[in-house]
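Bear in mind that the values in this text are calculations on the coordinates, not laboratory data. Because the structure is a prediction, the values reported are computed rather than measured. Neighbour counts run over all protein chains shown; Cβ positions are idealised from the backbone, glycine included.
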Amino acid sequence: MTLAASPLSSAPAIPSAQALMRRAKALAVTDPLHRLEDHKGRAGGGEFAAYTVRDLAQYAIELVAGAMDFDRGAIESDVTEALAAAAAAQQPGRPAEEHAELAAWVMRELIGTSSARGFSADYTDYADGATRRTFTFRVFDEFEAAGGGVHLRASTEAINVLFSSMDIDIASEEIAAQAVLESHVDRGRLDRAADSARAAKLRTIQYQESIRAKLAAVRRNLDTVDWDGDVSPQIVEALGHLEQRQAVEARILDSIQDRRDSAARDDLRRQAVKLIDVVVDCQRRHRELSGHLSSARETFRAELARQKFAPPASMNLRDLTADIIRPLLAETVAASGPLADQLFARLASPSAPAVMGVGSLIDQLLAPPRERAQLGAPVEAPELDDAEPEPAFSDDAVAAAERILAGVGGAPCRLSGLIASALDSGPQGAARLVWLEALGACSPNIGADVAAGRQRRRLAAWPDGSQLRGLPGFAGDDLLIAAITVTPAGAARPAVQEAAAA
Amino acid sequence: MTVADDPRAAGQLIAFAMNAKLRPAQDQDYAELVRSYRERPAFAEAVRAFAGGLGLDVLQVDRAAGAVLSPRDGSPFEMHAGQFFGERGNAAKDAMRRSLHGVALAAAVACAYPRRQDLDDAERIPRVSVADIDDYVRSHAELLDAEHEGQQLDPPAGQPGQERAWRAWAGQPRDARGKDGRAKPDCTLQIIRRVLDALAAHGDMRKVADTPESGGIYQALPPLRVHARELCQGRSLWPEAAPEDEAL
């Protein structure tokens, strides 16, 4: 398809094909968040439906991004804990285990497993006719941190999710974000500056991540990298960018410090101190990044020397699926046995066989048998508190419902009216109680009164075909309800009939 | 500890490598020896010689994976599939179980590193799930079924070893449970789980979660990537001369 014939455009092709493509991809990155929201009803036994999950996922990305540094990331358990706290804030009445389960589920889904190859979305590339292409991306990556342990890193695509505008050049966005921050500070709008400082920090982290990923890619493919023509100019450009950023940050810091010192109010001073923290953090990140970039040339030279002796690049490798799994599956069971032995020998790390010293063997064999208690450890009688059954309805609700029902006379009135007045005036639960009483009144237990020979007032209710409408939480037949009196003579003289006759 | 280019330090590095759960980041002495290996060729040579005497090849030494060793044929450290699943003495059934476990192992590695370049990405720690691995094998079994349509694939009676490996996998139940609700040992999910747990015991995997829909989620640790890369680059699983022999 081309749009050449479209009356909308005389241009031969879509003029903004590149921008369209970038925006389509940027939008696709939010897919995992929507998918979580869509699937929440099917996970966790359906309990997760009570939460809004999309914002939890966003929060997770923000947490991971905020913890990222050049060689460190976020620890999954920390993020899960913070997410559980956010889930608890959404639904304080739900059990803490459910909050933790929900948090763990969100993280598992966002990290994904490898054979799913991350997330993917199709888009159309109009640059060359109209080609349908598949874009694959990840939200989080796991990696071994320099200090040990597995950390999480948010992809630059994922960080983009946190911004509503998505079609961006990261370096320019960072410049823009800092300009906004500077302008707010200069005009003394410290309240506005807090938001722009947060945005500036995220842009800084995003820039840092894009540089890190570039350096890592260069390091992996040294023999295919054009150092002088490609990488070196990029490093020079990045160093220039960092130098400018640091100059701007120094200016902003001076300006905030002036504001802080001249601030008349405590809250302004506190705001200024918070802003300073954020800007100092950005400064530190930029300083570190400068260090990494400055030493990049030496690092690569050393790496290049090492890789001369290293195995060749990945393109010469066998493909695990095409060259290993498929031929293996096509073998007979008998022939695949020796191959399985080879696989185990070659894929599992060897571990040390247990070696027993004769001395310790003799000691162990001669050791007296361990005495075992026949009955095991003494069982402590658990202390149990008597559980007070919690009433389903509060006393206030019961009183309110009784008051409303006492107002029902011989002339029938509508259940919808009673529920509405209970919703308006009564405490929580009163409306539901009124509704339950009305349902019970559909079958008033007159026989028991007759048998006991007592005179008492009862409610009788019956449907007339109209429906309850406009009452949140209530549905079904709108009943007519009236009071009747049961007399000891054994004959119920329904007030209803009187009313109907009248 | 000071590192001299002596056999003792070389042996120490091998001993650290044999400790499945230990990484250089967790132990200063280990990290120091790894640094020496990378910076001093004489020490690296001493380590390789020492390992060679034990029948081991040194595949890679770095901070993330530590020292990654691989046994040569006939090494006392060489492992066989039977050690992972426990042979029961019935030759036909053991052959079947050996085949199934080998397929599960290869599939787990293929799912962790689906593309060639994944084998070179030393940073990322991929996740795999038991259910994904089974889906992966079954989808390839279906493809192979389609490719062999019309061919006689049933093994001759009394020769179960002649059945094709993909048909054997597809014929195995995915998730069978006994009366007590526990997974039966020979359903494919349980076979995969057994293989992944064995890799975890050797420091090549780590279990991170256990959910009913995934059957268990594992992280593939750096040493496994090094082993998988060697498998894709070193000598072929199949003796390469065989096809030419047939041609002659």
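Among B:ASP29, A:ASP228, the order by Cβ neighbours within 10 angstrom, fewest to most, reads A:ASP228, B:ASP29. A straight Cα-to-Cα reach below 24 Å connects B:LYS184 with the lysines B:LYS93, B:LYS207, residues fewer than 8 places away in its own chain not being considered. Our coupling estimate for the range A:30-41, obtained by passing each phi through the Karplus curve with A = 6.51, B = -1.76, C = 1.60 and θ = phi - 60°, is 7, 3, x, 5, 5, 4, 4, 4, 5, 8, 4, x Hz, Gly and Pro reported as x. Pairs of Lys residues in chain A that lie 8 or more places apart, or on two chains, and have C-alpha atoms under 30 angstrom apart add up to 6.
The calculated 222 nm mean residue ellipticity attributable to helices in chain A amounts to -17500 deg cm²/dmol, summing -39500 (n - 2.57) over DSSP H runs of n ≥ 4 and dividing by all residues.
Shown in residue order for the range B:40-48 are the 3J(HN,Hα) couplings computed by the Karplus curve 6.51 cos²θ - 1.76 cosθ + 1.60 at θ = phi - 60°: 10, x, 5, 5, 4, 4, 4, 5, 5 Hz (x for Gly and Pro). Angle of helix A:415-425 to the longest C-alpha principal axis of chain A, folded into 0 to 90 degrees and rounded to 10: 60°.
Label positions at B:GLN28 and B:GLN117, each projected 7 Å from the Cα along the C-beta direction, are separated by 4.0 nm. Residue order for A:ASP191, B:ASP132, A:ASP128, A:ASP341, fewest other beta carbons within 10 angstrom first, comes to A:ASP128, A:ASP191, A:ASP341, B:ASP132.
Angle between the Cα long axis of helix A:17-28 and the longest principal axis of chain A, 0 to 90 degrees, nearest 10? It is inclined by approximately 50 degrees. For the range A:394-470, the square roots a ≥ b ≥ c of the C-alpha gyration tensor eigenvalues yield an a/c of 1.5 or more together with a/b not exceeding b/c, which makes the shape oblate. Amide H contacts of B:LEU59: B:VAL68, B:LEU69, B:SER70, each under 5 Å away and 5 or more positions distant or on a separate chain (H built 1.01 Å from N in the peptide plane; Pro and chain starts excluded). Taking the Cα atoms of the protein assembly as shown, the ratio Rg/Rh between the radius of gyration and the Kirkwood radius comes to 1.09. What does the C-alpha gyration tensor say about the overall shape of the range B:7-71? Classify as rounded when a/c is under 1.5, otherwise prolate if a/b is larger than b/c, or oblate. It is oblate, given that a/c is not under 1.5 and a/b is not larger than b/c. Each residue, A:HIS39 and A:ASP277, gets one label point 7 Å from its Cα in the Cβ direction; the gap between the two is 3.6 nm.
If R0 equals 25 Å, the separation of the Cβ atoms of A:SER120 and A:GLU237 corresponds to a calculated FRET efficiency of about 0.20. Among residues other than A:THR332 with Cβ under 10 Å from its Cβ, the summed charge is 0 (Lys and Arg +1, Asp and Glu -1).
Each residue of the range A:78-87 was assigned a 3J(HN,Hα) from its phi angle through the Karplus expression (A = 6.51, B = -1.76, C = 1.60, θ = phi - 60°), giving 5, 5, 4, 4, 5, 5, 4, 5, 5, 5 Hz with x at Gly and Pro. What is the angle, in °, between the Cα long axis of helix A:266-294 and the longest principal axis of the Cα atoms in chain A? Nearest 10 is fine, range 0 to 90. Computed tilt is about 40 degrees. Per-residue shielding of B:83-89, expressed as the average number of other chain Cβ atoms within 10 Å of the residue Cβ, stands at 1. For A:GLY410, the residues 5 or more places off, or on other chains, whose built amide H falls under 5 Å of its own are A:ALA483.
Placing a label point 7 Å from the Cα of A:SER262 along the Cα-to-Cβ direction, the residues of the range A:177-198 whose backbone N falls under 14 Å from that point are A:185-190.
Among B:TRP166, A:TRP227, the ranking by other beta carbons within 10 Å of each residue's beta carbon, starting with the fewest, stands as A:TRP227, B:TRP166.
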